[in-house]
Amino acid sequence: MPVFSKQLIVYYRESCHLCEHVVASLFQLQAELKYEIKQVDIDDKSQVCSEVRARYNADVPVVMYQDEVIFYHFFDEIAVREALAD
């Protein structure tokens, strides 16, 4: 699998159907838009500081690019394309 310079961060939660849908949808666009996907479990204290957990706990899934939220909850292909546009 190639390594891309752009990285999306997905804050997710285990057993979250919205999270599963968002991640699957992001993987479908990955080859075309050329980005890495870093999945971060919001409930894993070794991966997420308490400030981030408090900010996004009720909003997962949260997708971010360059420290900016692209979208919360529901997959938004247009928002992904706009955020990654060169």
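Details
- Remark on K6: its backbone amide H falls under 5 Å from those of E36, a criterion applied only to residues 5 or more positions apart or on other chains, H modelled at 1.01 Å from N.
- Normalised by residue number, the volume inside the convex hull of the Cα atoms of the chain is 98 Å³ per residue.
- Gained length - D43 relative to I78, 0.36 nm times residue gap less alpha-carbon distance: 9.8 nm
- Length released on extending from R13 to D59, taking residue separation times 0.36 nm less the Cα-Cα span: 15.5 nm
- Backbone geometry of the range 62-68 corresponds, through the Karplus equation with coefficients 6.51, -1.76 and 1.60 at θ = phi - 60°, to 3J(HN,Hα) couplings of 10, 10, 10, 9, 6, 6, 10 Hz, x marking Gly and Pro.
- Qualifying GluC sites (Glu not before Pro) in the range 1-84, DSSP loop, other Cβ atoms within 10 Å at most 13: E14
Read-outs throughout are calculated quantities, based only on the coordinates presented, and are distinct from any laboratory measurement. Owing to the predicted nature of the structure, the values given are computational and were not obtained by experimental measurement. Neighbour counts run over all protein chains shown; Cβ positions are idealised from the backbone, glycine included.
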